[in-house]
Amino acid sequence: MNKEVKFAEDFWWGAAMSGPQMEGTFDKAHENVMDYWFRTQKDDFFDGVGPEVSTDFYHQYKEDIKMMKSIGMNSFRTSIQWSRLIKDLETGEPDEKAVEFYNNVIEECKKNDMILVMNLHHFDIPIDLLKKYGGWESKHVVDLFVKFAKTAFELFGDKIEYWTTFNEPMVIPEAGYLCGFHYPKLVNKGKEAVQIIYNLNLASARAIELYHQMCNGKIGIVLNLTPAYPRSQSTEDLNTSKLVDAFYNRNFLDPAVQGEFPKEVTDLLTENDVLWESTSEELKTIHDNTVDFLGVNYYHPKRVKVRETKLECDQWTPEQYYEEYDMPGKRMNPYRGWEIYPEAIYDIAINIKNNYNNIPWFISENGMGVEGEEKYRDENGKINDDYRIDFYKEHLFQLERGIKEGSSCFGYHTWTAIDCWSWNNAYKNRYGFIGLDLATQKRTIKKSGEWYKTVSENHGFSIEE
Ligand code: BG6
């Protein structure tokens, strides 16, 4: 028996990319943190491949947007690079070449009838602001981000209908200050991380406030929601998963949608004397300027248990309360090392419906990175990535369940359209519907790209039950 998995006729079918991962560094006014990290610590990057050329969208955007359209995409997200658009980081004065480039991209999307979602920050703070002011630890950097946003809204605000302030803001403190896998590669710096969490929320709210004063479209935020599942139903494990959820998900989700930080987090931080520095005026800005819509990036769940071995650490850090739980029998993507658990998409959909006023939302990233896809290339040159099609089908099936139960999801974006550069994995794992030959920059549509076209045309697909 076949079952139809169906979506609304105006559902968004698209994919996300980001400026720093696909444009290349041509003509850039400044280096961002990732450019700098690569230039100074090349060995951290797979095969020593950096962001200089990456997917060369800077030169090939016309063909790329056409190709995206040809695989059924009706929408796509990218980001403006702060380090490209802004010539003077203190005043927010733009760089003319960058203005021309972004105007061209916007124009090309219009020509192709492609909905463009423009994001302002995708992990890519200009390195000068990290060196001079301590990056997102500094409220002066929040002011400078608002100037960047103002310039972007003045230049392009009314030419683009959908904006987002940040992509996965939690990754900035988590990867850079708690776990050490993104530059500045610090570990267990809990106090710094919580100030960054606060400052990013403030920066987002201030950009939203400004946008609503200046423009008429919609503005949201893209969050990586990683549902926390407990090892067992014991009170200890359950409380642990709630705390992990509050710290890693709700620390952005609650302020973005409801205007307030989770009380269990602020209580815990206060007890430990590590609460962020805030003013009542700033808290009011966060309270009054919530998002119009939400983007949710979902890749994998987080399995946790109560901490059983004491964490040796000289300052407060959220990890002192929990440990990752290595669940026996879990399905894995061995290349990226992430668990595959499509059911979490349903849980996210229901959580948004029940606890976040059923705010309009879309899946803004979901995908599967695979190493060595060349071995799936057939004699006609096509990569037969059936594993990716299966991955998407399973996740879309769960999403449709959530929508049928009333969750107001309006679209699905994968990661990604064309294979692109990744933070230190470089081009190791490929995610695209369109494959990239790094040596020649030749693009080839994969089987998943052909499949996506049929899904978009039919507003769904059928699966065997
Ligand atoms: C998301 C990011 O976390 O995951 C993307 O928004 C990233 O920038 C994607 O590329 C896939 O992760 P990775 O580390 O395999 O590139």
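Considering PHE391, PHE397, the condition of being farther than 30 Å from VAL53 by Cβ, assigned to a helix (DSSP H, G or I) and under 22 Å from the mean Cα position of the chain (by Cα) is satisfied by PHE397 alone. Screening ILE352 against (1) open to solvent by less than 60 Å² (accessible area, probe 1.4 Å); (2) in a loop (DSSP other than H, G, I, E, B); (3) away from the ligand (no atom under 15 Å from the Cβ) leaves a single unmet condition, (2). Restricting GLU137, GLU93 to those that are touching a Ser or Thr at 6+ places or on another chain (Cβ under 9 Å), open to solvent by 10 Å² or more (accessible area, probe 1.4 Å) and in contact (Cβ under 8 Å) with a residue 24 or more places away in the chain reduces the list to GLU93. Within the stretch 119-141, the set of residues being within 17 Å of the chain's Cα centre (by Cα) and on the phi > 0 side of the Ramachandran plot comprises PHE123 only.
Would you point out the residue of the stretch 355-377, among those that are touching a Ser or Thr at 6+ places or on another chain (Cβ under 6 Å) and closer than 15 Å to VAL257 by Cβ, that is surrounded by the most Cβ atoms within 10 Å (Cβ to Cβ)? Ranking the candidates gives PRO360 first. May I ask you to say which residue of LYS453, LYS442, LYS447 is without any contact (Cβ under 8 Å) to a residue 24 or more places away in the chain and of a type outside the set (Asp, Glu)? Unique residue meeting the criteria: LYS442. Please pick out the residue among TYR392, TYR452, TYR431 that is closer than 21 Å to ILE65 by Cα, within 16 Å of the ligand (Cβ to nearest atom) and open to solvent by less than 40 Å² (accessible area, probe 1.4 Å). Only one candidate passes the filter, namely TYR431. Checked against the criterion of being closer than 14 Å to ALA426 by Cβ and either surrounded by fewer than 23 Cβ atoms within 10 Å (Cβ to Cβ) or touching a strand residue (DSSP E or B) at 6+ places or on another chain (Cβ under 9 Å) (or both), the stretch 4-21 contains one or more residues that satisfy it.
One line per residue, one yes/no per condition, for (1) modelled with pLDDT of 95 or more; (2) among the β-branched types (Val, Ile, Thr); (3) surrounded by fewer than 17 Cβ atoms within 10 Å (Cβ to Cβ):
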| residue | (1), (2), (3) |
| --- | --- |
| VAL222 | yes, yes, no |
| PRO227 | yes, no, no |
| THR235 | yes, yes, yes |
| LYS242 | yes, no, yes |
| ASN249 | yes, no, no |
| LEU253 | yes, no, no |
| LYS263 | yes, no, yes |
| ASP267 | yes, no, yes |
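Filtered by the rule that a residue be open to solvent by less than 50 Å² (accessible area, probe 1.4 Å), free of Cβ contacts under 8 Å to residues at least 60 places away in the same chain and not in a loop (DSSP other than H, G, I, E, B), the stretch 319-349 gives GLU323, ASN333, GLU339, ILE345, TYR346. Could you say which residue among ASN104, ASN74, ASN167 is closer than 20 Å to SER364 by Cβ and away from the ligand (no atom under 16 Å from the Cβ)? Going through ASN104, ASN74, ASN167 in turn, just one is closer than 20 Å to SER364 by Cβ and away from the ligand (no atom under 16 Å from the Cβ): ASN74. Every condition in (1) touching a residue at least 60 places away in the same chain (Cβ under 8 Å); (2) more than 23 Å from the chain's Cα centre (by Cα) is met by SER280 except one, and the failing one is (1). For the stretch 177-196, the count of residues that are in contact with a strand residue (DSSP E or B) (Cβ under 6 Å, 6 or more places away or on another chain) and free of Cβ contacts under 8 Å to residues at least 60 places away in the same chain is at least one. Residues in the stretch 22-46 that are among the basic types (Lys, Arg) and open to solvent by 50 Å² or more (accessible area, probe 1.4 Å): ARG39, LYS42.
Taken over the stretch 400-421, the criterion of being in contact with a helix residue (DSSP H, G or I) (Cβ under 6 Å, 6 or more places away or on another chain) and over 21 Å from ILE115 (Cα atoms) is satisfied by ARG401, GLY402, GLY406, SER407, TRP421. With the condition kept exactly as written, say whether any residue in the stretch 78-93 is under 20 Å from ARG443 (Cα atoms) and either within 16 Å of the ligand (Cβ to nearest atom) or in contact with a His (Cβ under 7 Å, 6 or more places away or on another chain) (or both). Yes, the conditions are met somewhere in the stretch 78-93.
Checked against the criterion of being within 22 Å of the chain's Cα centre (by Cα) and over 24 Å from ASP35 (Cβ atoms), the candidates GLY402, GLY432, GLY460, GLY406 yield just one match: GLY402. Restricting attention to the stretch 409-422 and to residues that are within 14 Å of the chain's Cα centre (by Cα) and either under 17 Å from ASN333 (Cβ atoms) or open to solvent by 30 Å² or more (accessible area, probe 1.4 Å) (or both), the residue that is farthest from the ligand (Cβ to nearest atom) turns out to be THR414. Selection over the stretch 437-449 of residues that are surrounded by 15 or more Cβ atoms within 10 Å (Cβ to Cβ) and out of contact with any strand residue (DSSP E or B) (no Cβ under 6 Å at 6 or more places or on another chain) gives a count of 3.
Restricting to the stretch 269-300, and then to whatever is among the β-branched types (Val, Ile, Thr) and in contact with a strand residue (DSSP E or B) (Cβ under 8 Å, 6 or more places away or on another chain), can you tell me which residue is surrounded by the most Cβ atoms within 10 Å (Cβ to Cβ)? The extreme case among them is VAL291.
The values are calculated or read from the model by the stated rules, or taken from the named source; none is laboratory data. A quick note: this is a predicted structure, and the numbers were derived from the prediction, not measured. So basically every Cβ, Gly included, is an ideal-geometry build from the backbone, and we count neighbours across all protein chains shown. The accessibility values were calculated without ligands, DNA or RNA, using every heavy atom of the protein model including side chains. Shrake-Rupley method; radii C 1.70, N 1.55, O 1.52, S 1.80 Å.
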